[in-house]
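Colleague: I have a structure I would like to understand better, so I am pasting it below and will then ask my questions one at a time.
Nothing in this text is a laboratory measurement; each read-out follows from the coordinates by a stated rule. Worth saying up front: this structure is predicted, and the values here are computed from it rather than measured. Here Cβ is always computed from backbone atoms with ideal geometry, including for glycine, and neighbour counts include all displayed protein chains.
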Amino acid sequence: MILTRQQEVRVARPPLESFLRRVKSELGCGAAGVTVCLVSNAEIARMNVKFRKKKGPTDVLSFPAEKKWRVASGEWREKSTSKRRREVDDYLGDIAIAPSTARRYAKKNGRTLASELRVLILHGVLHLLGYDHETDQGEMDKVEAKLRKRFGLA
């Protein structure tokens, strides 16, 4: 589900909702819930300070519902050695995206806003699944690059 709580940038939600479904399907979590909320720069800046202790707006923040799970090879598994399967109707978490900041990064990266928003949705979902590019020695970057190529995102 994609919600809009900002009026700074006009965004077409249906294509993004379709892309979100594709990402979840590709990662083996098609029925799991994810909410993407498009927020203002001011709102994401408040969240960035509150949850990351970083000042100013960012483009995307992810809030996993449960941190101990991770998708690997299309199967849900616990990060420990347990192989318990997660229910398909579980809720993965929430993603906040600031379209104003995304638009600025899109220009910087030579992408359209629509493409940048797709990149951010993919990035956010990977975080919900437990990937963390700040601590995983490049694992998330490799997975994200592979999926960007598959989805036709530069």
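Colleague: Mind giving me the FRET efficiency for PHE63 and LYS108? R0 is 25 Å, r the Cβ-Cβ distance, nearest 0.05 is fine.
Modeller: It comes to 0.45.
Colleague: A further question follows. Excluding THR4 itself, calculate the net charge of residues whose Cβ lies under 10 Å from the Cβ of THR4, where each Lys or Arg counts +1 and each Asp or Glu counts -1.
Modeller: Once all neighbours under 10 Å are counted, the net charge is +3.
Colleague: Add +1 for every Lys or Arg and -1 for every Asp or Glu among the other residues with Cβ under 13 Å from the Cβ of ALA154, and state the total.
Modeller: Numbers: positive: LYS108, ARG111, ARG118, ARG148, LYS149, ARG150; negative: GLU116, GLU144.
Around ALA154, the charge tally is +4.
Colleague: Please give the contour-minus-distance gain from ASP141 to ARG5: 0.36 nm per residue of separation, less the Cα-Cα distance, rounded to one decimal in nm.
Modeller: Value of the extension gain: 46.0 nm.
Colleague: Right, another one. Anything over 23 Å Cα to Cα? Flag those among LYS55/LYS142; LYS54/LYS108; LYS24/LYS142; LYS107/LYS149, in the order listed.
Modeller: LYS55/LYS142
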